[in-house]
1. Could you say whether any residue in the range A:195-206 is over 16 Å from the mean Cα position of the chain (by Cα), in a helix (DSSP H, G or I) and either within 14 Å of chain B (Cβ to nearest Cβ) or closer than 22 Å to A:Met48 by Cα (or both)?
2. Restricting to the range A:103-113, name every residue that is free of Cβ contacts under 8 Å to residues at least 40 places away in the same chain and either within 12 Å of B:Val208 (Cβ to Cβ) or more than 8 Å from chain B (Cβ to nearest Cβ) (or both).
3. If you check A:Phe120, A:Phe76, which single one turns out to be in a helix (DSSP H, G or I), at the interface with chain B (Cβ under 9 Å from one of its Cβ atoms) and over 26 Å from B:Ser15 (Cα atoms)?
4. Check whether at least one residue in the range A:91-104 is surrounded by fewer than 16 Cβ atoms within 10 Å (Cβ to Cβ) and farther than 20 Å from B:Ala14 by Cβ, and report yes or no.
5. One residue is enough: does the range A:180-192 have a residue meeting the conditions surrounded by 14 or more Cβ atoms within 10 Å (Cβ to Cβ), within 18 Å of the chain's Cα centre (by Cα) and assigned to a loop (DSSP other than H, G, I, E, B)?
6. Pull out all pairs, ordered by first then second residue, where Cβ-Cβ is under 6 Å, the residues are six or more apart or on different chains, the first lies in the range B:195-211 and is in the same structural domain as B:Ala288 (by TED's automatic domain parsing) and surrounded by 19 or more Cβ atoms within 10 Å (Cβ to Cβ), and the second is part of a helix (DSSP H, G or I) and small (Gly, Ala, Ser).
7. If I filter the range B:225-236 for residues that are away from chain A (no Cβ under 14 Å), surrounded by fewer than 19 Cβ atoms within 10 Å (Cβ to Cβ) and within 26 Å of the chain's Cα centre (by Cα), do I get at least one hit?
8. How about the range A:10-36: which of its residues are of a type outside the set (Gly, Ala, Ser), in contact (Cβ under 8 Å) with a residue 60 or more places away in the chain and farther than 23 Å from A:Val223 by Cα?
Amino acid sequence: MIKLDGVTKVYGTDTVAVEGVSFDVAKGDFVFLVGPSGSGKSTLLRLMSREEVATEGDVWVAGRNVSDMPPSRVPFLRRSLGNIFQDYKLLLNKTVFENVAFALEVIGKPRHVINEQVPFVLELVGLQDKSERLPNQLSGGEQQRVSIARAFVNRPLIMLADEPTGNLDPATSEGIMGLLQAINETGTTVMMATHDHRVVNAMRRRVVQLDRGAVVRDQERGVYE
Amino acid sequence: MMARIEYALRETWASFRRNLTLTMAAVLTSAIALLLVGTTFLIQRAFENLLVQWRGDVAMIVFVRSDASPEQIALIDGTLRAAPSVIDVDKLRYFDKVESYAEAQRIFVGDPVTLSLLTPETIPTQFKVVPLTQDTDLVRSLADQYRTLPGVEAVALAEDEFEIISTLSAFVRTVTLIMSLVLLGVAIGLIWSTIRTAMFARRREIEVMKLVGATNWFIRIPFMLEGLLQGLIGGVASCAGVWVLNSAWTSGVAAFKPGTGISSLVVPSGYLSGVMLILLLLGAMIGAIGSAIAASRFLDV
């Protein structure tokens, strides 16, 4: 589902974010990208969603090499991805329903599909009763659930989560991880960057550890260390 | 497809209302710029009318020396009448000293210095000539021939006055054209700025749209429509302005005495409709250009 082959990303002339990174992720895998701040976790996720282009090497996502993908094809790549962020990136002037519906609306889904899919996914994340609330009327955990609902509503092949529990307390984080696990069980590949050792150790899934832009450990059923 | 159209129209209208102050400034500037363009067209057409009328009624004046003998005057008269195919002999008129002086008093009413130099004794008499031909070169060659006749002081051609009108017309056209272009540039700049501000205000929304897979065109179109709408509204306002201006001018011109040449400065309504159509298209074009540049340039938010 994801294949990185000798990927290097250099910002400017000499700031190396990742260097020579290679690994494969099979369909339906759940992979933690761990490492200290600045180790290149977010850069790898951004390379996969083509927010950045690799300086060297190939990045294959859902069967497509995104490194040499023409810009006009990038939106279609992103429709097969779901993105979750530490800061949720919700639209504060839209309700919970509108935030989730927005992801379908901007890719041209008809109104009847939106009215069918959004309530379903809001129920999945447990927010069916708060669909008319604005984001600032929700707790951090609830906002992250909206973000997950928005990422999942289009049934992506891959979920890219960048520190999704970074702003949440342990109990709320546990709920979010439960949701991601449930999504993973539907066959969606999940790639999650984190430095939250509690969730990594609790889940015991594959761990790819980065240090100064290079892979230093790739372990099945790993822990944070 | 319907969902996309509905989305684009809804977002266009929402954005249009959200930045009302800047939008009004852009619309107003577009309207003023286009009004100037329309006025340029109308002035140009009015000058053309004026020139056409002069051409159709081209006149030559043969000034006769004040000390010319009656024989010399008779020779000039005979020579003018000897070309009936070129000169309208029925309209040929001789102004004697009294008539010439009376006319000079009218012509130089605003120029007392020149008038004071003229007396009924020293003023040249004159033959007023209306040529039959439209061929100004032929008239000019006749004028050259008449200048050599004994007793002729000078020959003036109305055609020479055309140069003044043409020069004036070219000057007015250049000035209004430059002002129009500058204002059109300003209008494009303001529309560009409005769209840029609208995009900046919605940068988070655009970021999310890109992340969930909206195409650049899907993101751009509402902004481009917004610019197009601004330009079009400016175009409609300028059409109204041009119509009001032309109506006021037409009724104002009607107050002048006939035969003064001013009446020819009226623009026909068919031409006005054409100008209004051009203004609408031009409005839409500046709106599209300004917003297209902004929407392409500032999509990477």
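The values are calculated or read from the model by the stated rules, or taken from the named source; none is laboratory data. Just so it is clear, the structure is predicted and the values come from calculations on it, not from any experiment. Neighbour counts run over all protein chains shown; Cβ positions are idealised from the backbone, glycine included.
1. Within the range A:195-206, none of the residues are over 16 Å from the mean Cα position of the chain (by Cα), in a helix (DSSP H, G or I) and either within 14 Å of chain B (Cβ to nearest Cβ) or closer than 22 Å to A:Met48 by Cα (or both).
2. Selection gives A:Glu105, A:Val106, A:His112, A:Val113.
3. Details: A:Phe120 fails: at the interface with chain B (Cβ under 9 Å from one of its Cβ atoms).
It is A:Phe76.
4. Taking every residue of the range A:91-104 in turn, none turns out to be surrounded by fewer than 16 Cβ atoms within 10 Å (Cβ to Cβ) and farther than 20 Å from B:Ala14 by Cβ.
5. The answer is yes, given that some residue of the range A:180-192 is surrounded by 14 or more Cβ atoms within 10 Å (Cβ to Cβ), within 18 Å of the chain's Cα centre (by Cα) and assigned to a loop (DSSP other than H, G, I, E, B).
6. Sorted first by the residue in the range B:195-211, then by its partner, the pairs are B:Ile195/B:Gly227; B:Ile195/B:Ser291; B:Ile195/B:Ala294; B:Arg196/B:Ala294; B:Ala198/B:Ser15.
7. Just the residues of the range B:225-236 that are away from chain A (no Cβ under 14 Å), to begin with: B:225-236.
Now drop any that are not surrounded by fewer than 19 Cβ atoms within 10 Å (Cβ to Cβ), which leaves B:236.
Next, from what is left, pick out any that are within 26 Å of the chain's Cα centre (by Cα): B:236.
Checked against the condition, which is being away from chain A (no Cβ under 14 Å), surrounded by fewer than 19 Cβ atoms within 10 Å (Cβ to Cβ) and within 26 Å of the chain's Cα centre (by Cα), the range B:225-236 yields at least one hit.
8. Let us first name the residues in the range A:10-36 that are of a type outside the set (Gly, Ala, Ser), namely A:10-11, A:13-16, A:18-19, A:21, A:23-25, A:27, A:29-34, A:36.
From what's left, in contact (Cβ under 8 Å) with a residue 60 or more places away in the chain: A:16, A:18-19, A:21, A:23, A:25, A:27, A:29-34, A:36.
Within the range A:10-36, A:Val16, A:Glu19 meet the criteria.
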